[in-house]
1. Scan the range A:168-196 for residues that are in contact with a strand residue (DSSP E or B) (Cβ under 8 Å, 6 or more places away or on another chain) and either within 14 Å of chain B (Cβ to nearest Cβ) or hydrophobic (A, V, I, L, M, F, W, C) (or both) and jot them down.
2. Anything in the range A:1-36 that is among the hydroxyl-bearing types (S, T, Y), in contact (Cβ under 8 Å) with a residue 24 or more places away in the chain and open to solvent by 60 Å² or more (accessible area, probe 1.4 Å)? List them, or say none.
3. Provide a single number: the residues in the range B:145-168 that are among the aliphatic types (A, V, I, L, M) and open to solvent by less than 10 Å² (accessible area, probe 1.4 Å).
4. Restrict the check to the range A:83-92 and report whether at least one residue is in contact with a strand residue (DSSP E or B) (Cβ under 7 Å, 6 or more places away or on another chain) and surrounded by fewer than 16 Cβ atoms within 10 Å (Cβ to Cβ).
5. Residue under question is A:V71, and the condition is that it be open to solvent by 30 Å² or more (accessible area, probe 1.4 Å) and of a type in the set (A, V, I, L, M, F, W, C); does it hold?
6. Just give me the residues in the range A:37-68 being polar (S, T, N, Q) and either touching a Leu at 6+ places or on another chain (Cβ under 6 Å) or open to solvent by less than 80 Å² (accessible area, probe 1.4 Å) (or both), in sequence order.
7. Output the residues belonging to the range A:199-218 that are over 22 Å from A:Q98 (Cα atoms) and either hydroxyl-bearing (S, T, Y) or more than 7 Å from chain B (Cβ to nearest Cβ) (or both).
8. Exactly one condition in (1) buried (at least 23 other Cβ atoms within 10 Å of the Cβ); (2) assigned to a loop (DSSP other than H, G, I, E, B) is false for A:D222; which is it?
Number of protein chains: 2
Amino acid sequence: MQADHQQSHYLAHVLRYAEGTELLVFNGRDGEWRAVVEKITKKGVSLRATNRERPQSPPSDLIYCFAPLKVGRLDYMIQKAVEMGAGTLIPVITQHVQNHRLQIDKLKANAVEAAEQCGILSLPEVRQPMKLDALLVEWDPERALIFCDEAAEGDDPLPALSKLTREKLGLIIGPEGGFSAAEREMLRAAAFVTPIPLGPRILRADTAAVAAMAVLQAVAGDWKS
Amino acid sequence: MQADHQQSHYLAHVLRYAEGTELLVFNGRDGEWRAVVEKITKKGVSLRATNRERPQSPPSDLIYCFAPLKVGRLDYMIQKAVEMGAGTLIPVITQHVQNHRLQIDKLKANAVEAAEQCGILSLPEVRQPMKLDALLVEWDPERALIFCDEAAEGDDPLPALSKLTREKLGLIIGPEGGFSAAEREMLRAAAFVTPIPLGPRILRADTAAVAAMAVLQAVAGDWKS
């Protein structure tokens, strides 16, 4: 098989692999394979798959919706979401969003790198940004949308999560400034939305994201025994 | 009251506050107070407290033990731990630790800044680094120590957490390379240690830290209703 332009450059000029070097490859469909660098030409690098090392893991079904943060924290948030099992990432534009100049290609590269680093063989999908109202209109009502609500009652997210009846899951995390009152109302009005609190302390948006995914995966997602 | 040297510099020369400017102050004992800049001299800034805005919150009792990561991720890890409710932070030196040149003063400043940003009024304590064996010998056996074990059985941390009988809690997070086999054995041999898994995917140490604190606080800590 032929590595694409960017991959060829990386293999030949950054990693400086030679013909005969072994490596692990995955394409998101056929599992993880041991492969060998067969030929390096000006056209690119060709690889020969030799042995399947791991079967393809099922793609993560969790949809992760997030208001884009400033760049440094956004990169971090994307990496963490992929590690925690987000299969689809949707940037959501809300009233208090700080970062309107999203570079979706960079987000995608970041998500794929996070998957590679954590040995996740299915490639996360990064969708185009949507406005919050459009997200709610187009949302599959069979899929629960967990909403981290700073104004939710109490501190404990477990009671609400353990009452979820929908099997398919999504999570939405607001911007650093939180959702506006109108946005909170719109979210709470949807039958598929479940608001949860996240403890007694104010959390930054990127902390809330990891914390919410942990309790969600543990109670109703793919950590559950 | 007199602001100390560093605080005076920050108020007068970074924030450029003038006499008469109002601000919020806390000392970790008396709650949060509204105060006013009374006098700025070469000796420093003096403040006058005017009104108590919030009562003192009880200090977080959770002890957070962590193998120091490389600097960028370490700063992040400290911030997140404080947000998630760590009251005491103990750097633990293990076999695979990458960062041996800890600057405890910087860690302290970082922890205090995280507390300020999140409106936590009790100042987190950062202890001197300890070796893992010394930590276990000196550990209060009445306090549970939750250990994120990559080799723990299953994916679900909730069953083990819901069986905890000790009320006081601690958490230990290993370095990026994980604990060594001997260290894992030493941890698992202690009666106060509870190993937990964190889902089916490999998590980076800083992700595992936030995820573990979320499930721990929700099941057995101060998020619990």
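1. At the first step, the residues of the range A:168-196 found to be in contact with a strand residue (DSSP E or B) (Cβ under 8 Å, 6 or more places away or on another chain) are A:168-174, A:187-188, A:190, A:192-196.
Listed by number, the residues that qualify are A:L169, A:L171, A:I172, A:I173, A:L187, A:A190, A:F192, A:V193, A:I196.
2. Residues of the range A:1-36 among the hydroxyl-bearing types (S, T, Y): A:8, A:10, A:17, A:21.
Within this subset, residues satisfying the condition of being in contact (Cβ under 8 Å) with a residue 24 or more places away in the chain are A:8, A:17.
If the condition is that a residue be among the hydroxyl-bearing types (S, T, Y), in contact (Cβ under 8 Å) with a residue 24 or more places away in the chain and open to solvent by 60 Å² or more (accessible area, probe 1.4 Å), then A:Y17 is the only one that fits.
3. First pass over the range B:145-168, keeping only residues among the aliphatic types (A, V, I, L, M): B:145-146, B:151-152, B:158, B:160-161, B:164.
Still in the running and open to solvent by less than 10 Å² (accessible area, probe 1.4 Å): B:145-146, B:161.
Residues meeting the conditions: 3.
4. Going through the range A:83-92, the residues in contact with a strand residue (DSSP E or B) (Cβ under 7 Å, 6 or more places away or on another chain) turn out to be A:85-92.
Among the residues that remain, those that are also surrounded by fewer than 16 Cβ atoms within 10 Å (Cβ to Cβ) are: none.
Checked against the condition, which is being in contact with a strand residue (DSSP E or B) (Cβ under 7 Å, 6 or more places away or on another chain) and surrounded by fewer than 16 Cβ atoms within 10 Å (Cβ to Cβ), the range A:83-92 yields no hits at all.
5. On the way: open to solvent by 30 Å² or more (accessible area, probe 1.4 Å): yes; of a type in the set (A, V, I, L, M, F, W, C): yes.
Considered against the rule, which asks whether it is open to solvent by 30 Å² or more (accessible area, probe 1.4 Å) and of a type in the set (A, V, I, L, M, F, W, C), A:V71 comes out as yes.
6. Initially, the range A:37-68 is screened for residues polar (S, T, N, Q), giving A:41, A:46, A:50-51, A:56-57, A:60.
Once the filter is applied, which keeps residues that are polar (S, T, N, Q) and either touching a Leu at 6+ places or on another chain (Cβ under 6 Å) or open to solvent by less than 80 Å² (accessible area, probe 1.4 Å) (or both), the range A:37-68 yields A:T41, A:S46, A:T50, A:Q56, A:S57, A:S60.
7. Let us first name the residues in the range A:199-218 that are over 22 Å from A:Q98 (Cα atoms), namely A:199-201, A:213-218.
Answer for the range A:199-218, where residues must be over 22 Å from A:Q98 (Cα atoms) and either hydroxyl-bearing (S, T, Y) or more than 7 Å from chain B (Cβ to nearest Cβ) (or both): A:M213, A:L216.
8. Every listed condition holds for A:D222 apart from (1).
The values are calculated or read from the model by the stated rules, or taken from the named source; none is laboratory data. Just so it is clear, the structure is predicted and the values come from calculations on it, not from any experiment. With ideal geometry, Cβ positions are generated from the backbone for all residues, glycine too; neighbour counts draw on all protein chains shown. Surface accessibility is based on the protein's heavy atoms, side chains included, excluding ligands, DNA and RNA. Shrake-Rupley method; radii C 1.70, N 1.55, O 1.52, S 1.80 Å.
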